[in-house]
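Worksheet: the structure to be examined is printed underneath.
Nothing in this text is a laboratory measurement; each read-out follows from the coordinates by a stated rule. What you are looking at is a predicted structure, and each value in this text was computed from that prediction instead of being measured. Glycine gets a Cβ as well: all are built from the backbone with ideal geometry, and neighbour counts include every protein chain shown.
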Amino acid sequence: MVDSTLFLAQVMGVYFVVVGLSLVLYPKRTIRAIHEIADDYLVPYLSGAIALVVGLLVVLTHNVWDDLTTSTVSLVGWLSLIKGALFFLLPHNSFTELAEKFSTQKACLMWGTITTVIGLYLVYVGFIA
């Protein structure tokens with residue numbers, strides 16, 4: 001496997017595990033943060049800029065779809081790029097509407113579990129396999 005794939009799997013894996021567990025363990029804090037971000041104008045802008053740059057860096061350096069690991073890393077890059085672009089292109093009230101849909105304990109548990117599982121896979125591949 002390519003060194004860049006392993007490096008990105010390590011970084012993304014640790015990040016996803018930490019974020020996923022946070023979603024599962026502290027849903028009320030996550031829900032509050034989502035609402036505060038949706039009410040703010042600066043935070044979505046900065047979040048969009050970071051997501052856009054990270055997505056571009058991954059897509060431009062690692063747009064590889066050879067196997068599950070390289071495809072997962074590339075998909076995360078594309079999703080980050082799309083998320084960043086949407087943060088800039090969608091009207092601000094879109095964030096409030098999305099916050100209402102995704103800020104429930106059930107949603108936090110679902111997305112937290114999915115994120116943690118993907119993160120554990122990437123950690124395994126990046127550090128152990």
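Exposure proxy shown here: for Asp39, Asp3, the number of other Cβ atoms within 10 Å sets the order, fewest to most, as Asp3, Asp39.
Within a 10 angstrom radius of the beta carbon, how do Val123, Val53, Val19, Val58 rank from fewest other beta carbons to most?
Working: Val123 19, Val53 13, Val19 16, Val58 23.
Ascending number of Cβ neighbours within 10 Å: Val53, Val19, Val123, Val58.
Beyond 21 Å, what share of the Cα-Cα pairs of the chain is found? Please give it as a whole percent. Every Cα pair in the chain considered, those over 21 Å come to 45 percent.
Ranking of His92, His35 by neighbouring Cβ atoms within 10 Å, starting from the fewest: His92, His35.
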